[in-house]
Structures are given as C-alpha cells and as structure tokens.
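Each value in this text was obtained by applying a stated rule to the coordinates, not by laboratory testing. The structure presented is a predicted model; accordingly, all values stated were derived computationally and were not measured. When we count neighbours, we look across all protein chains shown, and the Cβ atoms used for this are built from the backbone with ideal geometry, even at glycine.
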C-alpha cells in the first residue's frame, strides 16, 4: 500500500532501476528499503566518499595478511630455534 509518492530525477530512477534489476529486488519499494537497511546496518556515513572496488580491497587485505603471516612465521622459527638451542644445552648436561 502506497502512503507517499517520492519524486526523483530521471538519473536517480535509472540508478534505482539498475540496482533493482542487478540484484533482482522486485519492486522500487523493496529496492529503496534494502538500500536503506544496508546503509543503516553497516553504519555508513553518507557524507563521506566511498570509492574503489572490492577486488582492490581484497587484494590489499591479502597483502596485509601475507605480511602478517610472514611476521608470525619468522617469530615462530626464532622461538623454535631458541627452544632447540635450549634443549641441546639440556641434552649436553
């Protein structure tokens, strides 16, 4: 049941239609509701500019995780080396 009519420009309507068709959201009402819930649930600030692609973000995350893993691996190897040296000293005595 419609309670209010919202006037939007042709460009905005085209964007809403594109999103509606891309994600098969059905009606304009459902599309706008889904977008509003997404913004609300993800606490997005609409005054900020969000740009870039998720592929780039995933690649950056992968690079950071790889560097982190390398750092942890080096620490484990150092700990292992220290432990082996300590065990070797115990075995000598």
Fill in: Computed helical MRE - 222 nm, the chain, DSSP H runs ≥ 4 contributing -39500 (n - 2.57), nearest 500
-25000 deg cm²/dmol
Practice prompt. Take each of the peptides 26-33, 76-83, average the number of other beta-carbon atoms within 10 Å over its residues, and list them starting from the highest.
Written response: 26-33, 76-83
Worksheet item: Quick one: Debye curve from the C-alpha atoms of the range 52-93, no solvent, what's log10 I(q)/I(0) at q = 0.13, 0.15, 0.30 Å⁻¹?
Response: -0.47, -0.53, -0.90
Discussion item. Taking the 0 to 90 degree range and rounding to the nearest ten, how far is the long axis of helix 54-92 tilted relative to the main principal axis of the chain, both from C-alpha atoms?
Written reply: 20
Worksheet, complete the sentence: If one compares the long axis through the Cα atoms of helix 28-41 with the longest principal axis of the Cα atoms of the chain, the angle in degrees, nearest 10, works out at 30
Response to the item:
Nearest 10, in degrees from 0 to 90: the angle of helix 10-22 to the longest Cα principal axis of the chain is 50
Item to complete: Subtracting the Cα-Cα distance from 0.36 nm times the residue separation, let me have the gained length for residue 21 to residue 68 in nm, one decimal.
Response: 12.9 nm
Discussion item. Once R0 is set to 30 Å, what does the formula 1/(1 + (r/R0)^6) return for the Cβ-Cβ distance between residue 33 and residue 53, expressed as a FRET efficiency to the nearest 0.05?
Written reply: 0.70
Discussion item. Counting C-alpha atoms alone, how compact is the chain: give Rg to one decimal and Dmax as a whole number, in angstrom.
Written reply: 26.9, 88
